[in-house]
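Notes follow the structure.
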């Protein structure tokens, strides 16, 4: 018996039989589950980037993880100006990748809330290192003292974020970093200038207590 994969043919002795291409297509099309795009390589980093490697997906994950965002409107109002169609697309892709899920609102079952899955919350160490790296190597509005506290208390930070996720605590863990006093609160490489809001001071105290 000989297979010819290009034409779905096989031969048995002198006879030639045709495996029905339509049947093969039908069988493949009825396999359950979402179709997966072809991977560029087997590298874990490449595969991970295929799932959430664009900036909008990471910002949605950030908002779910540390800002207490749950709704479509909250993602829209996060501050970076994501377009409605882009937001809808990224939410759909993150859900297809099993990084987020949806659930009805506690007070209004007609509304939909978004929530990180176990697979999604497992990205917390990655997001924490991105935050620290960005603050250390670029000019940002994150206070230096807060970043220093996060650098020296990584395990406590990760544990607290996971606790809030498990308990469905909507209290934002980190504020939006908004420069409200010129550049006096921005982190720079080698800078000692600090501006800490009341909310950030409370976060620092909580971290120090462990």
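At-a-glance table
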| quantity | calculated |
| --- | --- |
| Alpha-carbon radius of gyration plus Dmax, which is the widest Cα pair, for the stretch 44-121 in Å | 12.2, 40 |
| Burial ranking of peptide ranges 126-135, 90-99, 163-172 (average Cβ count within 10 Å, highest at the top) | 90-99, 126-135, 163-172 |
| Pair residue 106, residue 51: separation of 7 Å Cα→Cβ label points (nm) | 2.8 |
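No lab work stands behind these numbers, since they all come straight from the coordinates. None of the values given here were measured: they were computed from a predicted structure. Virtual Cβ from ideal backbone geometry, glycine too; neighbours counted across all protein chains shown.
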